[in-house]
1. If you consider only alpha-carbon coordinates, what radius of gyration and Dmax does the range 184-236 have, in Å?
2. Can you work out the accessible area per residue across the chain, with the rest of the protein chains kept in place, probe 1.4 Å, in square angstrom?
3. Can you give me the solvent accessible area of R76 with a 1.4 Å probe, rounded to the nearest 10 Å²?
4. For the range 87-99, in order, what is each residue's ³J(HN,Hα) by Karplus, 6.51 cos²θ - 1.76 cosθ + 1.60 with θ = phi - 60°, in whole Hz (x at glycine and Pro)?
5. Using a 1.4 Å probe on the protein chains only, how many percent of the accessible area of the chain belongs to carbon and sulfur?
6. Over all pairs of distinct alpha carbons, what does the Kirkwood formula give as the hydrodynamic radius of the chain, in Å?
7. Near V197, within a Cβ-to-Cβ distance under 9 Å, what is the net charge of the other residues, with Lys and Arg +1 and Asp and Glu -1?
8. Applying 1/(1 + (r/R0)^6) with R0 = 30 Å to the Cβ-Cβ distance of S145 and E207, what FRET efficiency is obtained, to the nearest 0.05?
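The values are calculated or read from the model by the stated rules, or taken from the named source; none is laboratory data. Fair warning: this is a prediction, and the values are worked out from it, not measured in the lab. FYI the Cβ positions are ideal-geometry reconstructions off the backbone, even for glycines, and counts take in every protein chain you see. With ligands, DNA and RNA removed, areas are computed over all heavy atoms of the protein, side chains included. Shrake-Rupley method; radii C 1.70, N 1.55, O 1.52, S 1.80 Å.
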Amino acid sequence: YGLTHIDEMDNQHTGINLTHVFDWSDNLTSTVTAYRNEFKRNWFKFDGRNPETGDNILEDANNGNTNAQAILDGTRDVTGLRYKNNDRTYDSYGVQANFNWLVGEHDVNFGARQHYDETDRFQPVEVYDQVNGQLVYQGTNAVGSSDNRLEEAQALSLWITDDYQVTDRLLLNLSLRMEDVETKARRYAGGAARSLVTDRVDNDYREYLAGISGTFDLTDNWQVLAGFHEGMIPLSAGEKDGTEPGKSDNYEFGLRFNHGVFYGEAIAFYSDFSNLVEQCSVAVQCSNGAESGSYSVGGAKVKGLEFQAGTLFTAGDFLIPVDLAYTYTDAETTSGDEFASGQQ
């Protein structure tokens, strides 16, 4: 369309990852990783509003409004067209250290990660007139606080895991981790200089998450597995002080079979969410219609069955793998009425 010919998506991405591995002894190895990720994008586009009616211009055109269609085509003069710089920068960086220690029948991993990230939004709206099929720049509107904001988070993670070969047939996996997260969000007035804070929100929380799982070889071909793990859904920056992250208790039980090139497994799972948290975006709005931040819908239960099987066929010099996978999920909320139960 003539109306949207100046729309443009511009992306820039830079990532760096440095890893150092050191053998302290035959049984102790450390792996240290430093990383940084930068992603900047500006999705410059028409806001979709018909300046003559105030409604969505595509809906107007589809409903038979010939003026709306002419504006789209670039054949009708009009004033006050709004094009927004959806300009955002995402930056994350940190350092992680993990130690692997072999002690008898124990394969122990322990370590820590300090992580930082931020989202920087400065999104001015430019105004154009359409004159004789050309878009003529008229000016840039002042940026409101919703389009001028900085969101930051830092998270400290500590963990220890132990793969314990109890017997030749029994393997236990034990884990414990701690997540300490601090977030803050600021909204500004006064343009790019950010001379005035109009809204300030801070939050912090700490969770300890345990897990245990194991496998037992019934025979050389059959194996049973079971596990329990505590889960956490982090919150977006901008949540108020005292807001708790999503939490869940997760159970699984299954059976595996392996014989030559054929394998198969069936696993039943059950997750009990004491606080299910949605992450809101323009593409996937939360249940309350929010397009940013997080939204808690209360308790929820998710259960289901995963099945997969596969084998390998030989055709001359070719090896042809064939796999089949199926998942059944049944989920429902247990508090509030934001969601209806659903199956797939």
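1. When restricted to the Cα atoms of the range 184-236, Rg and Dmax are 23.9, 71 Å.
2. Roughly 59 Å² per residue, with all protein chains present.
3. Its heavy atoms expose roughly 80 Å² to the probe.
4. These are the phi-based 3J(HN,Hα) values: 9, 9, 10, 10, 9, 9, 7, x, 9, 10, 10, 10, 10 Hz.
5. The nonpolar share, carbon plus sulfur, comes to 53 percent.
6. Its Kirkwood hydrodynamic radius stands at 25.2 Å.
7. +3
8. Efficiency computed from Cβ-Cβ geometry: 0.45.
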